[in-house]
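Notes to accompany the following structure.
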Amino acid sequence: MVNDRGQLYTMEGVAAGIIMLLTAYIVISTTSIYTPGDTHIPDMQLEQLGSDVLAMMDTPNSKEDDESQESDLVTYILATDKTSFRAMFRDYCNMRAGSGDDLKMNAYVYFHDRDTGTVRSYVLDEEDHATGRENAVRVTRWVQLPERPDNLPMAVTDIDNRPQAVLLEVLLWRT
Amino acid sequence: MAYMNEDGQWIVLMGLLVAVGLFFLALIINQSALVGQTTAEGVLEFPKNDIQDLRTAVFDYVDQFPYPGDPRVQEDIIAISLERKNSLVDFSVGPKVQVSGRDLYPITIHYYNGVTKYDETVYY
C-alpha cells in the first residue's frame, strides 16, 4: 500500500516557498512608492476645471446676438486688466461648497509678430510665484482681438495694431 | 524517539491559507487607489480641448472675417499652434454654397499633433 504521509511535507514546502516569494516581493517593492499623484487623475481634473473656467469667461454676457458684444476674457485682455482677470478666474475656479482652494495660477498671452515671424508673449498674471518644481497643468484658449491691447508691458508695445488671434495660456497648480 | 503527533499541522496550514487570502484582499484595496489612472492618462493625452478650442477659434474667425477672410489672422492661428501647442494646424474657408436651402461657408480644418489627427469639413 502506498503511504501518503509525504504529501503533508510537500504542502509544507510549497507554503514555505510562497512565504519566501511574498517576502522577497514586499522587500523589493518597498523601494518604489506609488502615490495617487502618479496616476494623473488630479491633473486631468485640474485641466478640465481650467478649460471650463476659460470657456465660461469667454462666453459673452449679453444675450443680444451682436458682434460688438465681447466676452469678459476679451475685455480683460484688450485692457490688460490683470486684477479683474485674476479675480474672475479664481472666483470661477473656487465656486464650490466648503472652504477655499489653494489653487495657484500664472497666465501669459502669446501673439504672432509678423515682422520677425516669431511668437512672443507677455505676462497677464504672475502674482503666484512658480519655482519650476510644481506639477502644473496648462490650459489654453484662443482669443480674437479686434486691435492692439492697451496698457501693455513696455517690452511688447510694438505688437501690431490689427485684428489678430492670440493664445491665452494659464498654468495651474496646487501647493 | 518519542512518537510525534502531526495532526496539528493541518490547523497551521489552514491558518496560512487564511493569511494568504487576507494578504491578497489587502493588495486589492491597495490597488483601488489607482482606479482611473488609465482613463485619466487617456483623457490627458487626447487633445479634446485643443480641438474644440481650435474649432471655436475658426468659427469666430469666420464670423469676424467672412470669405475671403483675413490671411493675417489665419497665419496667427497656424503659427501660434505650431509654436505653443506642437500641433500642425491648417484651415480654409470657401465661398458660400447652398446647403439645405441655406447659404453656408464650407470650412475644412486639419489638426495633427503627432499623436492625434483630426480632419473636418463643416458648413458654417
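Read-outs throughout are calculated quantities, based only on the coordinates presented, and are distinct from any laboratory measurement. Keep in mind the model is a prediction, meaning the values are calculated, not measured. Glycine gets a Cβ as well: all are built from the backbone with ideal geometry, and neighbour counts include every protein chain shown.
Just a few scattered comments:
- Residues A:R141, B:R102, arranged from fewest to most other Cβ atoms within 10 angstrom of their Cβ, appear as B:R102, A:R141.
- Using a Förster distance of 25 Å, the FRET efficiency for B:D63-A:N161 (Cβ separation, nearest 0.05): 0.75
- The range B:4-13 - phi-based ³J(HN,Hα) in whole Hz, Karplus 6.51/-1.76/1.60, Gly and Pro as x: 9, 8, 9, 4, x, 4, 4, 4, 4, 4
- For chain A: relative contact order, % (alpha-carbon pairs under 8 angstrom, 6 or more apart): 23 percent
- Backbone amide hydrogens, once placed in the peptide plane, bring A:R148 within less than 5 Å of A:R162, excluding anything fewer than 5 places away on its chain.
- Panel order for B:V43, A:V109, by other beta carbons found within 10 Å of each beta carbon, from fewest to most: B:V43, A:V109.
- Take each residue of peptide B:48-56, count the partner chain Cβ atoms within 10 Å of its Cβ, and average: the result is 4.
- Proximal aspartates and glutamates relative to B:K48, as straight alpha-carbon distance under 18 Å, when same-chain residues fewer than 8 apart are discounted: A:D43, A:E47, A:D52, A:D58, A:E169, B:D90, B:D119, B:E120
- The length gained on full extension between A:Q48 and A:L22, counted as 0.36 nm times the residue separation minus their Cα-Cα distance, comes to 5.3 nm.
- At full extension, A:D150 and A:T131 could sit 3.9 nm farther apart than now, given 0.36 nm per residue minus the alpha carbon distance.
- The Cα atoms of chain B cover 105, 37, 18 Å along the three principal axes, with the biggest extent listed first.
- Among the residues of A:159-168, the average count of other protein chain beta-carbon atoms within 10 Å of the residue beta-carbon is 5.
- Between A:T80 and A:T31, residue separation times 0.36 nm minus the direct Cα-Cα distance comes to 12.7 nm.
- Helix-only CD estimate at 222 nm, as mean residue ellipticity for the protein assembly as shown, using -39500 (n - 2.57) per DSSP H run (n ≥ 4): -14000 deg cm²/dmol
- Dipole of the protein assembly as shown, positive direction: furthest Cα of A:P60, A:A165, B:G8, with charges on the beta-carbon: B:G8
- Inter-chain neighbour count for A:131-144: the average number of beta-carbon atoms from partner chains within 10 Å of each residue's beta-carbon is 3.
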